[in-house]
1. Can you work out ³J(HN,Hα) from phi for every residue in the range 135-141, in order, using Karplus 6.51 cos²θ - 1.76 cosθ + 1.60 and θ = phi - 60°, giving whole Hz and x for Gly and Pro?
2. Just to confirm the number: angle between the C-alpha axis of helix 71-83 and the first principal axis of the chain, 0 to 90 degrees, nearest 10?
3. Between ARG136 and THR20, what length comes free when the chain is fully extended (0.36 nm per residue of separation minus the Cα-Cα distance, one decimal in nm)?
4. What translational diffusion coefficient, to the nearest whole µm²/s, does the range 4-83 have by Stokes-Einstein, given a Kirkwood radius computed over alpha-carbon pairs, a temperature of 10 °C and 1.306 mPa s viscosity?
5. Note the full-extension length gain between LEU60 and ALA102 as 0.36 nm times their separation in residues minus their Cα-Cα distance, in nm to one decimal.
6. If amide hydrogens are placed 1.01 Å from N in the peptide plane, which non-local residues have theirs closer than 5 Å to the one on VAL121?
7. Using a Förster radius of 41 Å, what is the FRET efficiency between ALA45 and ASP6 based on their Cβ-Cβ separation? Nearest 0.05, please.
8. Based on the Cβ-Cβ distance from ASP91 to ARG27, what FRET efficiency comes out when R0 is 35 Å, to the nearest 0.05?
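We did not get these values from a lab; they are worked out from the coordinates using the rules stated. Note that the structure is a prediction, hence the values are computed from the model and not measured. Using ideal geometry, Cβ is built from the backbone for each residue, glycine included, and neighbour counts are taken over all protein chains shown.
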Amino acid sequence: MATTVDAKAIAGTLYEALITAALEQLRAAAPRLAGGGDPAQRVEAALPEGALPQVRNFLLGLAREGLLNDVGAITEAFAGFVSGPPAQALDAQVTSAVALSAAQQQKIAADLKQRYGDATVTFTVDPSLIGGLVIRVGDQVLDNSLRTRLSAVQRNMLAS
């Protein structure tokens, strides 16, 4: 089963793939839409094979509104939404029970940057964790500390 972090990363990949495919299909169709004749037939002739139904429906809607000549400008405006402003760096806080070596810090920072992109990673020490790590990235927390594990064991023992 995918963790929350994995699910978000996978969903982000799907989103990017769908948006990129739609943009590519619009860019491929735009130059082919010029000319006269039945607008619906122009749309069908301009679409690449296997076009997303959403792209087809969007272009047919533009055809009904008489906006097929504006598809190029609309597509480039859409591309501006897709690229958007540069993503802001996330703040990541890694708390450990003991000071981590430089190699360990580099490995953790590299893993976080691979998963989240540009991330500013800070490392702190909290001896009350006993062992393990607590990693906070944005609104997500991965608590793999020994203190938390022992608390869970204690709660289970008291509940039984």
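1. Values, residue by residue: 10, 10, 10, x, 9, 9, 10 Hz.
2. Taking Cα atoms only, the helix is inclined about 0 degrees.
3. Computed gain between ARG136 and THR20 is 38.7 nm.
4. 119
5. Full extension of this stretch gives 9.3 nm more.
6. Sorted by chain and number, the residues that satisfy this are ALA92.
7. Computed FRET efficiency for ALA45 and ASP6 comes out at 0.45.
8. Efficiency at R0 = 35 Å is approximately 0.45.
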